[in-house]
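The values are calculated or read from the model by the stated rules, or taken from the named source; none is laboratory data. Worth saying up front: this structure is predicted, and the values here are computed from it rather than measured. Glycine also receives a Cβ, built like all others from the backbone with ideal geometry; neighbour counts cover every protein chain displayed. All accessible areas refer to the heavy atoms of the entire protein, side chains included, with ligands and DNA or RNA removed. Shrake-Rupley method; radii C 1.70, N 1.55, O 1.52, S 1.80 Å.
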Amino acid sequence: MHLPSIEPYKIKTVESIQMSTPEQRKKWIKEASYNLFKLNSDQVIVDLITDSGTGAMSDKQWAEVMLGDESYAGSRSFMKLENTVKELTGFRYFIPVHQGRAAENVLFSALVKNGDFVPGNIHFDTTKGHIEYRKATAIDCTIDEAFDITIDHPFKGNIDLHKLEKTLQEYTTEKIPFVLMTITCNSAGGQPVSIENMRAVRTLCDQYGVGFYIDGARFAENAYFIKKREKEFANYSIKEIVKEIFSLSDGMTMSAKKDGLVNMGGFIALNDAKVYEVCSTFAIMYEGFVTYGGMSGRDMGALAQGLTEGVEFDYLESRIGQTAYLGKRLDEFNIPVIKPFGGHAVYIDASKFVPKIPKEEYRAQSLAIELYIVAGIRGVEIGTLLADRDPVTRENRFPKLEMVRLAIPRRVYTLSHMEYVAVAIKKVFDSRDEAKSGYSIKWEAPIMRHFTVELEKI
Ligand SMILES: *Cc1c(COP(=O)(O)O)cnc(C)c1O
């Protein structure tokens, strides 16, 4: 008989969840102007708003907090983290920063100029923001399959080599500082990239003489998918796959709030001495001295330990398995979910779930609100509110997909929490025909409106 897989850890400290009733939540969400970002965390039962910085640290990580060396320069904690990153990634140089977007700010300050183009698979929001802030352009070269939710493809995060080569030919390579590959591709739903694709991108980059950098926020989850889905690597350890991934690139930015298993932190790692030198100057200006870069010694120690735990196979099997479990349960209930399931989140197709709510009335947001009222689950709208208005016409932009994302924090919830979420969604699904109207906007900010928007029930 096949034994069920279990979380490869047991619980030493617990944090209470404030339970609440649908009546209480109805009142709270109204007071929050129907914006889930405005809720207090105590008003939420299962919080799936993001997997970023929301994970649980291990006893060994907490021990590192006590061992933290808070010396301004050359601390033991810095050296511990530097050794771990170099050993794990194989890169020659390492700079700590306070989070992923800070790594982007420092690296792009060194490499991206006005008028440049940065091709890649769907760039993450802050990445795109830091490119566009420098009056450069992010060019999306993701494979078409990534945008078709009916297609089951093992590596939906892959870069389309024809699109990439066309881009490399169209814009002179002096205007392309590097190709940026995001693993897993967050904005494509946490979909992985294959080593085969990375190798081909490396070859193209060499051929055209441009750099190749990786946005590695979920590098360990990507490595797990490679082990499971790319034959050549079936017998490799996660660590060996990680080495192989980074050996193909010139450097990386990292949001350690994801696969670093810490609540705050990030870094840059790279091979080029000159780029390192320029980055060091920007790091000192924006982040702090190069041996702490926006992190305290205890943070760096906890991250060193977190990176080590984050590439353990059993951890990843349980982590990705938990996401897949939720996806599978929803699928069994015939709830429209996007497949294949990504590493860190399950996405519900709101257009299929509540088709009677007009898209002008924010379908996905309406569904997210209903999930909150019924069960205290906080997901996030990935739809029209997030897509915002056209900067010129100021009309709403209606994206192809209206989704509710359920992002799963690392090591925080158990399978029984996932079961609760699945059954709650089924309950909402069973009464979906009653949902005919949504919400209208009462107030919104000129940009990034979804964080602060105020809504009214129609
Ligand atoms: C979260 C994230 C970032 C930004 O990192 P922060 O730590 O939130 O600043 C960049 N890229 C990807 C792919 C991410 O998921």
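Just checking, which of Thr142, Thr137, Thr127 is within 16 Å of the ligand (Cβ to nearest atom), within 15 Å of Pro177 (Cβ to Cβ) and either among the polar types (S, T, N, Q) or in the same structural domain as Asp259 (by TED's automatic domain parsing) (or both)?
Working: Thr142 fails: within 15 Å of Pro177 (Cβ to Cβ); Thr137 fails: within 16 Å of the ligand (Cβ to nearest atom).
Going through Thr142, Thr137, Thr127 in turn, the sole match is Thr127.
This table checks each residue for (1) assigned by TED's automatic domain parsing to the domain that holds Phe108; (2) under 16 Å from the mean Cα position of the chain (by Cα); (3) under 23 Å from Met198 (Cβ atoms); (4) modelled with pLDDT of 95 or more.
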| site | (1), (2), (3), (4) |
| --- | --- |
| Asn263 | yes, yes, no, yes |
| Ala269 | yes, no, yes, yes |
| Glu287 | yes, no, no, yes |
| Gly297 | yes, no, no, yes |
| Gly306 | yes, no, no, yes |
| Gly321 | no, no, no, yes |
| Ala324 | no, no, no, yes |
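Among the candidates Ile139, Ile131, Ile151, which residue alone is surrounded by fewer than 24 Cβ atoms within 10 Å (Cβ to Cβ), out of contact with any strand residue (DSSP E or B) (no Cβ under 9 Å at 6 or more places or on another chain), without any contact (Cβ under 8 Å) to a residue 60 or more places away in the chain and hydrophobic (A, V, I, L, M, F, W, C)?
On the way: Ile139 fails: out of contact with any strand residue (DSSP E or B) (no Cβ under 9 Å at 6 or more places or on another chain); Ile131 fails: out of contact with any strand residue (DSSP E or B) (no Cβ under 9 Å at 6 or more places or on another chain).
Every option except Ile151 fails the conditions.
Of the strands (runs of 3 or more DSSP E) lying entirely inside segment 29-147, those containing at least 1 residues that are among the polar types (S, T, N, Q) are 137-140.
Report yes if some residue within segment 294-313 is aromatic (Phe, Trp, Tyr), open to solvent by 10 Å² or more (accessible area, probe 1.4 Å) and touching a helix residue (DSSP H, G or I) at 6+ places or on another chain (Cβ under 6 Å); otherwise report no.
In the first step, residues of segment 294-313 are kept if they are aromatic (Phe, Trp, Tyr); the result is 313.
Add one more test, that the residue is open to solvent by 10 Å² or more (accessible area, probe 1.4 Å), and what stays is 313.
Retained after the next criterion (residues that are touching a helix residue (DSSP H, G or I) at 6+ places or on another chain (Cβ under 6 Å)): 313.
Yes, there is a match, as at least one residue in segment 294-313 is aromatic (Phe, Trp, Tyr), open to solvent by 10 Å² or more (accessible area, probe 1.4 Å) and touching a helix residue (DSSP H, G or I) at 6+ places or on another chain (Cβ under 6 Å).
Residue count for segment 243-275 satisfying the condition of being more than 11 Å from the ligand (Cβ to nearest atom), crowded, with 21+ Cβ neighbours inside 10 Å, of a type in the set (A, V, I, L, M, F, W, C) and part of a loop (DSSP other than H, G, I, E, B): 1.
Taking the criterion of being within 16 Å of the ligand (Cβ to nearest atom), modelled with pLDDT of 95 or more and open to solvent by 20 Å² or more (accessible area, probe 1.4 Å), would at least one residue in segment 21-39 satisfy it? Yes, that holds for at least one residue. When the test is whether a residue is in a helix (DSSP H, G or I), out of contact with any Lys or Arg (no Cβ under 9 Å at 6 or more places or on another chain) and closer than 27 Å to Ala223 by Cβ, Leu316 does not pass it. When segment 436-458 is filtered for residues that are basic (Lys, Arg) and assigned to a helix (DSSP H, G or I), only Arg449 remains. When Asp433 is tested against (1) assigned to a helix (DSSP H, G or I); (2) buried (at least 16 other Cβ atoms within 10 Å of the Cβ), only condition (2) is not met. Figure legend. Inter-residue proximity from segment 445-458: first residues farther than 17 Å from Arg397 by Cα, second residues acidic (Asp, Glu), beta-carbon distance below 8 Å, spacing 6+ or different chains. Indicated pairs: Thr452/Glu444; Glu454/Glu444; Ile458/Glu361. Just so you know, in segment 166-191 the residues that are buried (at least 24 other Cβ atoms within 10 Å of the Cβ) and not in a strand (DSSP E or B) include one that is farthest from the ligand (Cβ to nearest atom), and it is Gly189. In segment 97-124, of all residues being within 12 Å of the ligand (Cβ to nearest atom) and charged (D, E, K, R), the one that is surrounded by the fewest Cβ atoms within 10 Å (Cβ to Cβ) corresponds to Arg101.
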